[in-house]
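The values are calculated or read from the model by the stated rules, or taken from the named source; none is laboratory data. This is a predicted model, so every value here is computed, not measured. Backbone-built Cβ (ideal geometry, glycine too); neighbour counts: all protein chains shown.
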Amino acid sequence: MKFPFLISKFQFGRCFSFKKLYSTVPGKIHKPNFLAYDSPGNILWRVALKGMETYFTKQKIEYPTQYLPSFLERCRNAKVNQEIPYFELKKKVLRSLIKSGSGFSSEIYYSNPEYLEKPVHRKNFTFYVSHLQEIIAAEFFKYARYKDILANTNVDLQRQLTKFTNPGELYPAARSQKRHIIMHVGPTNSGKTYHALQRLKQSKRGVYAGPLRLLAHEVYNRLNADGIRCNLLTGEEIREPHIVPHVVSCTVEMCSIYDSFEVAVIDEIQMIADPDRGFAWTNCLLGLQAKEIHLCGEESAVNLVKSIAKLTRDDFTVYRYNRLNRLKVAKASLRGKLKLQEGDCLVAFSRKDIFALKEKVEEKMGRRAAVIYGSLPPEVRNQQASLFNSEDHEEKILLASDAIGMGLNLTVKRIIFHKLKKFSGTEMIDIPIPQVKQIAGRAGRHQANTDSEQSPGVVTTLYDEDYEALKRAMKFPIKNLTRASIKPPDFVFEKFCSLFPNEVPVRMILERYAKLFKVQGPFSASNFNVNFFTLDLLDTVKELTIEDKISLLGIPIAKQMPQVTEFAYEIGKHIASGKRMQIYDHPYLPLDIIDRGIPRTNEALIDLERLHKKIVVYLWVSLRYPNIILPEAALMAKKITEELLARGLAHMKSSTESSSSSVVAVDN
């Protein structure tokens, strides 16, 4: 299928295809082997860092010794997507060396270590290192001065702003109301969310807050279909078909604590303990101005929520639900053989395994299988779920990752775990027991509007080696949550930033805040690491205000995103200058990928998925700066990318690397 003609009808700019819109890759994008570990530049960098103490001694320079170890550690860890300011420092000192007349060229970034063995470089090696150390020393003294400012400025106010003895008092509007917290708890497929939504439908002014854009969309569509005026608000999208809505369906991070509601529904409340995202659930629970707050989730959250309700002096009620049909563990594993039936869902925890299994299943069954995994857009996941659920399509087998754990209605009869281990990014780990139970609970989804007896859901494993672990996990008792994750509201952190001069990097201010941050009671400090990475990116744009940086803290950007530093810098530069941008103006958004058409290889599919993630980030920023980061062309590019992804999945075969015969034995 060719898309350029379709796109040309919209005449984005003066061009006829995304390929022309995205004319050339900027020259400053680095080659893949830029500053590899054993490149001459990295060798010089490491030698210079190792000798910094000796450098200060030889130069008879007094320096604050207490700050040098942390500074050098950051410099040593500097990579293209880690400790970004210090990676920029590395590039700065190497550029300076090239310009110094030393005879170096860009080969310093890419060559092998032997490059330094040339006679001219061996002779001047000491000079090169000293040149680097001189610039590094200047940056170190700047770093030390910032550290001194942070340690000695307005110390009493710093302590006041970082000590949360009673976090509920940060939300005076909510504390002035008499609120009733109502918990709906039970396992997957128990109808808990259904009962909460029934009460939401009856309200004159309500809000639904869920963990996924997919869930917010589902509630938005369901309520409007039932005649309830509902608007949608997620991190990337606003839909306001109603001037005066009865309900707003949103993601939990977008839920307003400044508006008043009659009824609020917060889904998956057990995520309140999540160290990365849990603060958003805590923020809603403490700050929502609603007469009734309905919380849906697992039994594990009951005691924690009850203790918070006691602190906030809210009324508290619990309703418990049982599964609407039984869930049982099969008598045995599949013993490594693909004895599959219609309605089966085979769960694997890597993209590679999913596509290898997909090829085997389709070869054996003689028809296509549906596919759902985390890096697919929610819209494509929903489309794949619809294919699997429909009686009119051939996709009667589902290959999925843990992405099916929440947010999709699936008519799964049996869940089959490929393995009960996954790669954490550094090592192989066991799948957490709560996650095993949540995924297993997707089996035997209750079918409404039927009087016939419904079959139980079944769960098993593909291999014998995981079967006993599955049985233990399903019997494992519920572990109660004890702490709700919390971080300071934006206005508190903004006030903390105002204590220091504007020259101090916001990343260093947040580090100081995290170090001093103290909470009491049933709360724990949130994980600030994601924010550290975001601020590393934003601090490269010197013209951005502190308010802008705080506004952009939640940007859904990942370290693994290609050219992540340049991508974020370009957006930040436009926000700082106020210069308008359409998506095709962004030099690090490779929109020509769309012109390639339907992806037919694994690599092409990955390229399209990565492009979609960048488009979503662009739209997230656009929602906050709609007059600068313009959304029109991005919305069209997003829609076309999702269509290409959906069509590509139907034709996808696993790569040669992933389609090893050792993955599974086919039982014919």
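Structure notes:
- Condition check for THR545: surrounded by fewer than 20 Cβ atoms within 10 Å (Cβ to Cβ), farther than 29 Å from ARG610 by Cβ, in contact with a Leu (Cβ under 7 Å, 6 or more places away or on another chain) and not assigned by TED's automatic domain parsing to the domain that holds ALA301: no
- Conditions (1) hydroxyl-bearing (Ser, Thr, Tyr); (2) loosely packed, with under 14 Cβ neighbours inside 10 Å; (3) closer than 23 Å to LYS559 by Cβ: number failed by TYR86: (2)
- In the range 140-166, the qualifying residues are those that are out of contact with any Leu (no Cβ under 8 Å at 6 or more places or on another chain) and either within 30 Å of GLY101 (Cα to Cα) or of a type in the set (Asp, Glu) (or both), and the one that is surrounded by the most Cβ atoms within 10 Å (Cβ to Cβ) is TYR143.
- Listed by first and then second residue, the pairs linking a residue in the range 156-180 that is over 27 Å from ARG512 (Cα atoms) to a residue that is at pLDDT below 95 and among the charged types (D, E, K, R), with Cβ atoms under 7 Å apart and 6 or more places separating them unless they lie on different chains, are ARG175/GLU169.
- Residue list for the range 291-307, restricted to those being touching a Gly at 6+ places or on another chain (Cβ under 8 Å) and either over 17 Å from GLU268 (Cα atoms) or of a type outside the set (Asp, Glu) (or both): SER307
- Any hit, the range 97-118, residues being surrounded by 14 or more Cβ atoms within 10 Å (Cβ to Cβ), under 30 Å from PHE567 (Cα atoms) and out of contact with any Ser or Thr (no Cβ under 9 Å at 6 or more places or on another chain): yes
- Residues located in the range 604-636, provided they are in a helix (DSSP H, G or I) and among the β-branched types (Val, Ile, Thr): ILE606, ILE615, VAL616, VAL617, VAL621
- Residues of the range 559-571 satisfying the condition of being among the polar types (S, T, N, Q) and surrounded by fewer than 18 Cβ atoms within 10 Å (Cβ to Cβ): GLN560
- Lone unmet requirement of (1) part of a loop (DSSP other than H, G, I, E, B); (2) within 30 Å of TRP281 (Cα to Cα) for GLY103: (2)
- Residue satisfying all of: in the range 465-491; at pLDDT below 95 and within 20 Å of VAL530 (Cα to Cα); surrounded by the fewest Cβ atoms within 10 Å (Cβ to Cβ) among these: PHE491
- Of the strands (runs of 3 or more DSSP E) lying entirely inside the range 344-459, those carrying at least 2 residues that are among the β-branched types (Val, Ile, Thr) are 370-372, 414-417.
- Put simply, of ALA173, ALA137 the only residue that is exposed (fewer than 14 other Cβ atoms within 10 Å of the Cβ) and small (Gly, Ala, Ser) is ALA173.
- Top-ranked residue of the range 381-412 - restricted to ones that are among the small types (Gly, Ala, Ser) and under 11 Å from ILE439 (Cα atoms), ranked as surrounded by the most Cβ atoms within 10 Å (Cβ to Cβ): ALA400
- Residues of the range 202-250 classified as crowded, with 22+ Cβ neighbours inside 10 Å and among the polar types (S, T, N, Q), total: 2
- Looking only at residues in the range 511-532 that are of a type in the set (Gly, Ala, Ser), surrounded by fewer than 21 Cβ atoms within 10 Å (Cβ to Cβ) and within 16 Å of ASP276 (Cβ to Cβ), the one that is nearest to the chain's Cα centre (by Cα) is ALA525.
- For HIS574, the conditions (1) assigned to a helix (DSSP H, G or I); (2) surrounded by fewer than 18 Cβ atoms within 10 Å (Cβ to Cβ); (3) modelled with pLDDT of 95 or more all hold with the exception of (2).
- Condition met for LEU420 (of a type outside the set (D, E, K, R), surrounded by 14 or more Cβ atoms within 10 Å (Cβ to Cβ), under 26 Å from the mean Cα position of the chain (by Cα) and modelled with pLDDT under 85): no
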